[in-house]
Amino acid sequence: MSTKLKDFLKFLIFLSIGLLILYLLYSKQNAAHLAECAELGIPENECSLIDKIVSDFKSVNVLWIGLICIIFMLSNLLRAWRWNQLLDPLGYKPKIINSLGAIMLGYFTNLAVPRIGEVVRAASLAKYENIPAEKIFGTIVVDRILDVISLLIVIGIAFIFSFETVGNYIAEKSNISIQALIYFFIIASILGLVGLWILKKFIIDSESTQPFFLKIRKLILGFKDGLLSVLKVKNLPFLIFNSIGIWLMYYLMTYLCFFAFEPTSELGPVAGLVTFVFGSLGMVIPSPGGIGTYQWLVTEALLIYNVEYSDAFSFSNIMFFTIQIFCNIAIGVFFYLFLPFYNRKSDEKNLSTE
């Protein structure tokens, strides 16, 4: 089977999963919306969730959406700077516009096939900066490791500030008391520490040559080497600043979108943090661009704060289509057309000065 056919089949599988989740979520929201209409005495033939979503999109304050798009680009600019910092110890200093463009092309490609964006990102920078692709892949791995750590920190912060609210929601959904959740967290933490000790004792420090153990050991040591390579960065405080800035921008994109949509305009910063975390987890699940999974988890997060089902669903789609679809496609297409032109002009300028 050819690579292109495999990629196409992979795309179809992930897209089908995402669309199925979106369809099931829509069906659930539609039933809730019909119930709301019945309570208000609105006839079923005059009650359409699609019409409501379209109306909600039209009601959005475009000034806030414009600001969110600017913040989105600022987060990508910070990511490009951080990426250049990771490449610097290897002896490469790519132009910031090429790094930014490669990142945006990666996001654009991820809309088609999840995770293939990293390949496109590396290939784009290798093409325009003449950097070996394998070295670029190493820095992308480190970049993703930093993102995983950042996401875990953000989840921890959200857990601290919203433990009671989210805990009560989980307890209500699962019929488990909040005290049981606390005990579960303590037990899970202890088991996690024990698991790490077992991992070190019997896998990392083991001399076994079994393929399974070798694969796990290689993965763990690669993760460790990736983290240690960060220490080679010349300006570590600036890298930390960029990492904080990236995730602060991500958070602001969700929180500020609250003000663009009237039903969520009264929600506070903690609700924004919880919604952001749920949405981030939705993006981790490998569907194209997070379609379906993002709407599902953002809707669930807003239900915690008593936002109506249909309004929560509309908000999730406003966020998704504003950033994941409109911004990523528009900016991705721009850089797809701009980078060849920019680098051709740059090469011509360099030749003329020689």
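Read-outs throughout are calculated quantities, based only on the coordinates presented, and are distinct from any laboratory measurement. These numbers come from a predicted model, not from an experiment. With ideal geometry, Cβ positions are generated from the backbone for all residues, glycine too; neighbour counts draw on all protein chains shown.
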For this session: Would you mind ranking 144, 82 so that the residue whose beta carbon has the fewest other beta carbons within 10 Å leads the list?
Result: 144, 82
For this session: Would you mind ranking 124, 150 so that the residue whose beta carbon has the fewest other beta carbons within 10 Å leads the list?
Result: 150, 124
For this session: Quote the Stokes-Einstein diffusion coefficient, in whole µm² s⁻¹, for the range 245-323, based on the Kirkwood radius over alpha carbon pairs, a temperature of 4 °C and a viscosity of 1.567 mPa s.
Result: 107 µm²/s
